[in-house]
There are 2 protein chains.
Amino acid sequence: TENITFFHESTKLGVGDDAAVFDHGSDYSLVSTDMLVEGVHFDLSYTPLKHLGYKAAMVNFSDIYAMGGLPKQIVVGLALSNRFPVEAIEELYEGIRLACQRHEVDLVGGDTTSSTSGLIISITAMGAVAKDALVKRSGAQAKDLIVVSGDLGGAYMGLQLLEREKQVYLEHPTIQPDLAGHEYVLERQLKPEARRDIIKMLNEMEVQPTSMIDISDGLSSELLHLSKASGLGCHIFENKIPLDPDVIRLSEIFKINPITAALNGGEDYELLFTIAQADYDKIKHNPNLTPIGYMTEASAGCVITLNEGTDVALKAQGFNHMTDSAS
Amino acid sequence: TENITFFHESTKLGVGDDAAVFDHGSDYSLVSTDMLVEGVHFDLSYTPLKHLGYKAAMVNFSDIYAMGGLPKQIVVGLALSNRFPVEAIEELYEGIRLACQRHEVDLVGGDTTSSTSGLIISITAMGAVAKDALVKRSGAQAKDLIVVSGDLGGAYMGLQLLEREKQVYLEHPTIQPDLAGHEYVLERQLKPEARRDIIKMLNEMEVQPTSMIDISDGLSSELLHLSKASGLGCHIFENKIPLDPDVIRLSEIFKINPITAALNGGEDYELLFTIAQADYDKIKHNPNLTPIGYMTEASAGCVITLNEGTDVALKAQGFNHMTDSAS
């Protein structure tokens, strides 16, 4: 471990002692932890281990970005049964290291142990944020604009595609999977990218979000979290929700309303945040950022205006009205 | 989570947002992670969940103490199958919270998820240490004294006892377990206590260890780690190794040499450290600290002088000579 070079001067000592050591200046430190369990969070029959390592790291980076901070260090816990060869651990770590490389994060420690069945990955990310740049879930004000980065529903559609091809393969092992043309949604599912670029961009544009969360469980549930933490309601518009053309194409194939994928699908790892109306001019021509509605008083509840014109209450799980009426 | 009071002014924000936030001053931050897997690290047939939570926290605190620091915050990852009722999670957390209470640590976040089988606990502890008080594994000098806290082999003997009673129970379910008089070794196995007191004591005595490690895998393997990291050899003496009377009693019952339990047993979570000879007077009458030998030049290797007078090379796994000759 003597030859490892770290990104951060604050990283004084990595793996090889009892604990990693780092030196934070006067910023706030941030820490986030997530566990991914085989058979629950991933299916190794269609998930390359390198992608899995990459995603496990991204999930944690995303939590740090959602506080307005930058991840600096991670520690990795792995438990795996003896059906995994040593090369499997190496592949996983290759993905983790690639994610760290791209996001300038130091891998400072870990613990690999045996499991009686399956693979479990536990990653804890530490980061830092300037004290005046910290963004909590609870800071939104009524009339603040609700903004999302990127587009939504892709990871969910990617999952539908992978599950379909797995079923085809199980029934007809000689048929080759038909994934051509769907690279975008597959990558959204298998190799998501946490939005470091958005945090940097907001910083450069001098836009300080009033509240923020990352979209791991679907837009609906994250909006409800933000609203509850801020003691407010919210109002969004179906026709504003950003969707990739392939999500719309696949929604017809799978008979799933694309808005349902965006609201309830999850795993997009985009950022959902609120900004003061005064900041609208700074973001309005930015192709990475889409205003989808605004915060309201708590008494108004959390509402989506559908394209057909009706208002429907947002629910955390299963937007049934829309699923049921999906063409 | 609004009513939670934190020990550390540095803990700004706990569970409930994307990441915990804390404010470290000018100290070094420390981080350590450990995973405990059912069927590998613990057996729920004789491990109360509350004790398990307590131990899982202690294992991580111990890593922070072994750097000379104090743990400040932990995050907890749990994966458990649906055979565990909600009360099981509550019991586990009760043990974790008790450990945190006693060691003045803030539980700042967590992630609970499902598992396809069994229980997995992943804890990451963060701590801090004054820059001039950081103790690495690599700082020992030749002729430094080797010191251990407390006594060794107890956790291993406790495990033998629990395994024996489990077998008796499996064969004769009506026989009550016979554990009376062995409370000490059972507690060493089921509810170990990380040595916060030793770190505080060394500080008060103005003893700065030159190197340190916690004893999780047995004295042999930890001594080899310290020696390798410091580029030295070591020489210890069988008759100096501190043993509890119950460890000696049980060693006769189980036909296990008590020194084998100390050298290879592990899980004692005592501290093993080196000090300059000039500091000997400060520790010599302390009943919590036992000098067991000294560091040597690397060329001398790592050696134990047995009571019978012969010198034997220390090995990381299985001290076979002694096991074989156990009475």
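The values are calculated or read from the model by the stated rules, or taken from the named source; none is laboratory data. Owing to the predicted nature of the structure, the values given are computational and were not obtained by experimental measurement. Cβ: placed from backbone, ideal geometry, glycine included. Neighbour counts: every protein chain shown. Keep in mind that these areas ignore ligands, DNA and RNA; they rest on the heavy atoms of the full protein, side chains included. Shrake-Rupley method; radii C 1.70, N 1.55, O 1.52, S 1.80 Å.
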(message) Being of a type in the set (Val, Ile, Thr) and under 16 Å from A:Val31 (Cα atoms) is the filter here; which residues of the range A:73-125 pass it?
(response) A:Ile74, A:Val75, A:Val76, A:Val105, A:Val108, A:Ile123, A:Thr124
(message) Within the range A:119-137, take every residue that is at pLDDT below 90 and assigned to a loop (DSSP other than H, G, I, E, B) and give me the one that is farthest from the other protein chains (Cβ to nearest Cβ).
(response) A:Ala130
(request) State whether the residues of the range A:297-306 include one that is open to solvent by 50 Å² or more (accessible area, probe 1.4 Å) and within 26 Å of A:Ile199 (Cβ to Cβ). (result) no
(request) For the range B:152-187, enumerate the residues that are among the aliphatic types (A, V, I, L, M) and modelled with pLDDT of 90 or more. (result) B:Leu152, B:Ala155, B:Met157, B:Leu159, B:Leu161, B:Leu162, B:Val185, B:Leu186
(message) Of the conditions (1) more than 17 Å from A:Leu49 (Cβ to Cβ); (2) surrounded by 20 or more Cβ atoms within 10 Å (Cβ to Cβ), A:Thr116 satisfies every one except a single condition; which number is it?
(response) (2)
(message) Between A:Ser211, A:Ser216, which is at pLDDT below 95 and closer than 21 Å to A:Ser62 by Cβ?
(response) A:Ser216
(request) Would you please name the residue that is surrounded by the most Cβ atoms within 10 Å (Cβ to Cβ), looking only at residues in the range B:61-100 that are part of a helix (DSSP H, G or I), among the charged types (D, E, K, R) and away from every other protein chain (no Cβ under 12 Å)? (result) B:Glu91
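Among the residues of the range B:254-267, is any under 29 Å from B:Lys72 (Cβ atoms) and either of a type in the set (Asp, Glu) or not in a helix (DSSP H, G or I) (or both)?
Going residue by residue through the range B:254-267, those that are under 29 Å from B:Lys72 (Cβ atoms) are B:266-267.
The next check asks that each one be either of a type in the set (Asp, Glu) or not in a helix (DSSP H, G or I) (or both); those that pass are B:266-267.
Taking every residue of the range B:254-267 in turn, at least one turns out to be under 29 Å from B:Lys72 (Cβ atoms) and either of a type in the set (Asp, Glu) or not in a helix (DSSP H, G or I) (or both).
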(request) State the number of residues belonging to the range A:123-141 that are open to solvent by less than 30 Å² (accessible area, probe 1.4 Å) and of a type in the set (S, T, N, Q). (result) 1
(request) Could you tell me whether any residue of the range B:108-117 is farther than 25 Å from A:Thr116 by Cβ and either in a strand (DSSP E or B) or among the aromatic types (Phe, Trp, Tyr) (or both)? (result) yes
(message) What pairs come out if I take residues in the range B:104-115 that are modelled with pLDDT of 90 or more and pair them with residues that are open to solvent by 30 Å² or more (accessible area, probe 1.4 Å) whose C-beta lies under 6 Å away, six or more apart or interchain?
(response) B:Glu104/B:Phe7; B:Ser114/A:Val40
(request) For residues that are without any contact (Cβ under 8 Å) to a residue 60 or more places away in the chain and hydroxyl-bearing (Ser, Thr, Tyr), tally how many sit in the range B:170-220. (result) 1
